[in-house]
Amino acid sequence: METQTTSRRTKQELIEEIHQLKKEKDAVILAHYYMTPDLQLTVDKGGFTDFIGDSLGLSVEATKIKAKNVIFCGVKFMAETAKILNPEKHILLPDMGAGCSLASSITAEDIKELRKKHPGVPIIAYVNTYAETKAEVDICCTSRNALAIAKSFEEPELIFVPDVYMGQNLQQNIEAQTGKKLILWHGSCEVHEQFTGKNMKAMQAMNPDAEMLMHWEVPKETINTSFENSDGVLGSTNDILRYVGESKAQKFILASECDLGATLKGMYPDREFITPCFKCPYMKTITLENTLAALKSIETDKVSHYEITLPEDVISRAYMPIKRMLQFT
Ligand code: 13P
Ligand code: SF4
């Protein structure tokens, strides 16, 4: 009991110190919905986070930043996107090991090879890619605007990288609507690929009245099996949050990152959310402690070792694919 009280007080102290230090350091804090609940807490709710969002929301927010410094509570490819949109600002990531199995599944060289193999075929890259990869593609997308972006091309064939499962789900939708074909890469999200038809069916059997909340990154077979007997939504993080608000159901089975369940419970306290609770190990490298350390490292005219740095030519080449993506919000 004593230990619990002490650690709770310490957390609160850390939150207050971060909140205070942000003003002194002219910094804002942006966080993804997959952060732990203490990092998701926004200023209006007693936390220190200035903006919480999905990948697209965070990219849009990154175009509006006034502060000189940004602490990015998310993963590296997200912080890089903020840097590409704000080359003159200091973008700090509290743990440089905050990677992503999708982003590390493809390189700039792989894109060049794809271009050689499929000349003239437009390349759409999921925003979950590193800056050097983005610099070689035609347009980026997030899970929120991927379908609209893919549909906007006139070409009958498109390359979509790197998430094979999301690509197959997109293919299923886009082929039915437009007849277009997607050429896919073989990356996957190590969190969302863990949802299987078997574990979803078991949860549905125990909760027959629940609706399904399924992210695009979940394998197609799991999606198809899950919707055989239940209603729900297949979409991005934002689509999932919005769907719950519009649904009359009381119970939901979540097939996405576990801490999104905490976000949902915070937004809709009278609803029930069930999930096998798969956590993203990369998102969880970001903590209150290293967020504070990143903030403390900010010094005038000095590059902090938490800071995202990218070659100028990569920034300028990766800018256009991101800018094009932002036309689809
Ligand atoms: P969204 O934020 O676009 O839903 O993506 C989920 C994700 O896996 C981020 O890494
Ligand atoms: Fe990457 Fe998946 Fe983690 Fe998102 S949840 S950062 S896609 S590994």
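Derivation of every value follows stated rules applied to the coordinates shown; laboratory data play no part. Since we're looking at a predicted model, the values are computed, not measured. Note: ideal-geometry Cβ built from the backbone for every residue, glycine included; neighbour counts use all protein chains shown.
So here's what we get for this one:
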{"item": "Sole residue being more than 15 Å from MET283 (Cα to Cα), within 14 Å of ligand 1 (Cβ to nearest atom) and without any contact (Cβ under 8 Å) to a residue 40 or more places away in the chain, chosen from GLU113, GLU109, GLU61", "result": "GLU61"}
{"item": "Single match in ALA98, ALA125 (criterion: of a type outside the set (D, E, K, R), surrounded by 20 or more Cβ atoms within 10 Å (Cβ to Cβ) and farther than 17 Å from VAL161 by Cα)", "result": "ALA98"}
{"item": "Tally, over region 188-199, of residues that are of a type outside the set (S, T, N, Q) and within 12 Å of ligand 1 (Cβ to nearest atom)", "result": "5"}
{"item": "Scope region 78-93; condition away from ligand 1 (no atom under 16 Å from the Cβ) and not in a helix (DSSP H, G or I); matching residues", "result": "ASN86, PRO87, GLU88, LYS89, HIS90, ILE91, LEU92"}
{"item": "Any hit, region 237-247, residues being among the basic types (Lys, Arg), within 21 Å of LYS265 (Cβ to Cβ) and in a helix (DSSP H, G or I)", "result": "yes"}
{"item": "Selection status of ILE240, within 24 Å of SER55 (Cβ to Cβ) and over 16 Å from the mean Cα position of the chain (by Cα)", "result": "no"}
{"item": "Residues of region 223-254 classified as crowded, with 23+ Cβ neighbours inside 10 Å and in contact with a Gly (Cβ under 6 Å, 6 or more places away or on another chain), total", "result": "1"}
{"item": "Scan of region 279-308 for residues that are within 16 Å of ligand 1 (Cβ to nearest atom), buried (at least 19 other Cβ atoms within 10 Å of the Cβ) and farther than 17 Å from GLY47 by Cβ, ordered by number", "result": "CYS280, TYR282"}
{"item": "The lone exception for MET78 - which of (1) farther than 16 Å from TYR34 by Cβ; (2) crowded, with 22+ Cβ neighbours inside 10 Å it fails", "result": "(1)"}
{"item": "Total residues in region 201-223, condition in a helix (DSSP H, G or I) and either more than 30 Å from PHE77 (Cα to Cα) or among the β-branched types (Val, Ile, Thr) (or both)", "result": "8"}
